[in-house]
Amino acid sequence: MRTKGHQRGNVVVYDEGALYSLEPPHFMPQIRLKPVSISNGLVWSLNNTIMYYIDSMSRKIEAFDFNLERAHISKRRTILHLDDYWDDEVIADGMTIDKDGFIWIALMFHGCIVRVDPDKKTIVERYKLPVSLTTSLTWGGPNLDDLIVTTSRRNMSPETLMKEPLSGAVFILHNMGTGGVQGNKFVFPNADTYK
């Protein structure tokens, strides 16, 4: 069972992975999408009828109709293609959703996060960070109105680290004008003995 392609150094082999779901009561993996290269961002619309998904190597943010009862996805479509905005170094990584239904995406190798209107298929806000390797983001704080952004320093040269000393830090952004929603609870009994 591979969730991403084989990795050789910093290079991932395209189209060797799959997206799986784990369903009660036995939590046997079910393939939902293949082939994929690197599954990353995954979030559902506020009413759980759309699944937003990032396969980082595709440089696309995609949407699927989602049937909650059957965990079935259909009607695949592209919400945003990074080729329309940036060169081929930039990839979409982690993703979250806000209480207004907009999706937020961490852009690896570009040092920024973007807020996307999935209905209009456009970037509506962009925030630059003092690092290039932004990896993921989520909402936190007592009111779920702080945006928490993770970054990396993996494989950075000493010269780059001198220019970006905050690489690898976790940033907390306040006063974003929106906030997150309570996450779905997933109960995985006996997860420590699952094989």
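The values are calculated or read from the model by the stated rules, or taken from the named source; none is laboratory data. In this text the structure is predicted, and so the values were computed from the model without any measurement. Note that we place each Cβ from the backbone using ideal geometry, even for glycine, and neighbour counts take in every protein chain shown.
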So, of the residues in the range 133-168 that are aliphatic (A, V, I, L, M), surrounded by 14 or more Cβ atoms within 10 Å (Cβ to Cβ) and under 17 Å from A106 (Cβ atoms), which turns out to be farthest from the chain's Cα centre (by Cα)?
M156
I'd like to check something: does the range 75-94 contain any residue that is of a type in the set (A, V, I, L, M), within 25 Å of G168 (Cα to Cα) and out of contact with any Leu (no Cβ under 8 Å at 6 or more places or on another chain)?
no
Taking the options F102, F109, name whichever one is more than 23 Å from S45 (Cα to Cα) and touching a strand residue (DSSP E or B) at 6+ places or on another chain (Cβ under 8 Å).
F109
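Taking into account only those residues within the range 148-171 that are outside any strand (DSSP E or B) and among the polar types (S, T, N, Q), which is farthest from D100 (Cα to Cα)?
Taking the range 148-171 and keeping what is outside any strand (DSSP E or B), we get 152-169.
Keeping just the survivors that are among the polar types (S, T, N, Q) gives 152, 155, 157, 160, 167.
Numbers: S152: 28, N155: 36, S157: 39, T160: 37, S167: 30 Å.
Here the answer is S157.
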Test L42 against the stated conditions and say whether it is closer than 24 Å to M176 by Cα, assigned to a strand (DSSP E or B) and in contact (Cβ under 8 Å) with a residue 24 or more places away in the chain.
yes
Within the range 127-147, residues outside any strand (DSSP E or B) and either closer than 18 Å to G180 by Cβ or touching a helix residue (DSSP H, G or I) at 6+ places or on another chain (Cβ under 9 Å) (or both) come out as S132, G141, P142, N143, L144, D145
Counting only residues that are under 11 Å from T134 (Cα atoms) and of a type in the set (A, V, I, L, M, F, W, C), which one in the range 64-94 is nearest to the chain's Cα centre (by Cα)?
A92
In the range 69-126, how many are of a type in the set (D, E, K, R), over 16 Å from D55 (Cβ atoms) and modelled with pLDDT of 95 or more?
11
Checked pairs for the range 156-173, first within 16 Å of T135 (Cα to Cα) and touching a residue at least 12 places away in the same chain (Cβ under 8 Å), second in a loop (DSSP other than H, G, I, E, B) and among the small types (G, A, S), C-beta under 7 Å and 6 or more apart or across chains, list as M156/S167; E164/S132; S167/S152; G168/S152
State whether the residues of the range 47-70 include one that is in a loop (DSSP other than H, G, I, E, B), of a type in the set (D, E), in contact with a helix residue (DSSP H, G or I) (Cβ under 9 Å, 6 or more places away or on another chain) and over 26 Å from K120 (Cβ atoms).
no
Just one of R115, R76, R126, R70 is among the basic types (K, R) and crowded, with 17+ Cβ neighbours inside 10 Å; which is it?
R115
